[in-house]
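The values are calculated or read from the model by the stated rules, or taken from the named source; none is laboratory data. Quick caveat, the model's predicted, so the values are computed rather than measured. A quick note on method: Cβ atoms are made from the backbone with ideal geometry, for glycine too, and the neighbour counts reach across all protein chains shown. Side chains included, ligands, DNA and RNA excluded: accessible areas come from the protein's heavy atoms. Shrake-Rupley method; radii C 1.70, N 1.55, O 1.52, S 1.80 Å.
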Amino acid sequence: MTYCLCFLALICSPTSNTTIDQFAAIEGLPDPFLFNDGHRVASSDDWKARRAEIIELISRYEYGHVPPTPGNVAVDAPLESGTRFANASTFQSLRLKFGPDQSLSTTVHLYLPKNAPRPLTVILRFGLGGEHAQAANERGYAFVCFDQTSLDPDTEGHDEVGPAQAAYPDHDWASVAVWAWCASRVLDYMETLTDIDTAKSVITGHSRTGKAAILAGALDERFALVVPNGSGCGGASTFRNPPKGVETLELITRATRFKSWFHTDFGKFGDAEERLPFDQHFMRALVAPRPLLSTDAYGDQWCNPPGTQAAWQGAQPVYDFLGVSANNMIHFREGGHDQLAPDFEVLLKVADHFLKGAALETDYQHAPFPRVPAPFSWKAP
Ligand code: GCU
């Protein structure tokens, strides 16, 4: 136990020079209820304290630390307004400014259904493409998408200090964290609009922005429903024991690939995932008790489907402990890597239920690989 306590004190010291030998290997998924000092969560207040420790762990080693809410989001410039979907929706494009001296900016597109009762429940999605805006509007949801890359460019094989990192030089945040922070700034702006009910907001994104969506939902408790799609490695699937053919921690953090998405220390755990003091089920646990739905595809091998099941299983005891077992949801469809209309339809059904009180016909709590055992033996306290 003494060794354990020293070790845990070491891993949680933000000033330590991280070398992989400092971390004991953990067989199976780490226990999210175990505090850094070795004692276990026993009450919901304990869980709040443990949740804060987990935020520090994933910030220190995986994504970097995000700055506090700047509290100064404002419209910099309206860019365009009009209608969409045969005049059924209004469309607005505008630029927001925020951050130190309001020096940061991002473009936001708002699609609002004209005939739905106000205030509207809002779905936020990363990227300006507008995919699924019509489906959302037709079901009475506001749909808001934004350009997260204006805060940090999306680079492969090299790093660029993006505007957000330049504006906050004392922060060690990497791209995924910058993008997640961008979603929160768009939500700050939504809070100023009388047409929108931000107490009922959904955050979603696909693939790399699915990783940003789960991080945004983990860090910002205002997101009422969190829906990472095809997020895989660094998103909703675990790193430990990767099956053949999946994206591993070592692959994603290569300098020639996406090292710049993650904290500079994260790549040290490449081919040594078992030494990570957490795994991605901790990300799902951070969202609890709020509902979380991961949507994925059986044919999307690169995204590690069994690892997504493992993360879902590893978060379930936390949802059980908090008395909201049904809020931890998983869905797999046939096919490949995309956020397709059927994926979005599942999001809408779950949003209708959790945010608008509609009945849910399916519970989205069935293991996609029922014969694969859960890779841990600890239980909820
Ligand atoms: C690459 C990367 C994935 C990422 C994907 C995407 O395939 O390896 O981690 O999710 O790009 O964002 O499209």
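Quick notes on this one:
- Taken as a whole, the structure places Leu293 among residues that are crowded, with 23+ Cβ neighbours inside 10 Å and either within 14 Å of the ligand (Cβ to nearest atom) or within 30 Å of Asp197 (Cα to Cα) (or both).
- Qualifying residue in the range 221-231 (condition: crowded, with 21+ Cβ neighbours inside 10 Å, at positive phi and within 12 Å of the ligand (Cβ to nearest atom)): yes
- Filtered residue count, the range 95-111, keeping only those that are buried (at least 16 other Cβ atoms within 10 Å of the Cβ) and in contact (Cβ under 8 Å) with a residue 60 or more places away in the chain: 6
- Of all residues in the range 196-215, at least one satisfies being surrounded by fewer than 23 Cβ atoms within 10 Å (Cβ to Cβ), of a type in the set (Ser, Thr, Tyr) and over 22 Å from Thr295 (Cβ atoms).
- Residue among Gly245, Gly267 that alone is away from the ligand (no atom under 12 Å from the Cβ) and part of a helix (DSSP H, G or I): Gly267
- Gly307 out of contact with any strand residue (DSSP E or B) (no Cβ under 7 Å at 6 or more places or on another chain), closer than 20 Å to Val176 by Cβ and assigned to a helix (DSSP H, G or I): no
- Residue pairs whose Cβ atoms lie under 7 Å apart, separated by 6 or more positions or on different chains, with the first residue in the range 112-127 and in a strand (DSSP E or B) and the second among the basic types (Lys, Arg), are Thr121/Lys200; Thr121/Lys356.
- Options Ala310, Ala315; residue that is under 17 Å from the mean Cα position of the chain (by Cα), among the hydrophobic types (A, V, I, L, M, F, W, C) and closer than 24 Å to Asp45 by Cα: Ala315
- Residue in the range 60-94 that is most open to solvent (accessible area, probe 1.4 Å), counting only those that are small (Gly, Ala, Ser) and not in a strand (DSSP E or B): Ala86
- Applying the condition of being within 15 Å of the chain's Cα centre (by Cα) and under 13 Å from Thr69 (Cα atoms) to the range 151-184 and asking which residue is surrounded by the fewest Cβ atoms within 10 Å (Cβ to Cβ) yields Ser184.
- From the options Thr209, Thr204, Thr256, Thr295, residue that is part of a loop (DSSP other than H, G, I, E, B), of a type in the set (Val, Ile, Thr) and at pLDDT 95 or above: Thr256
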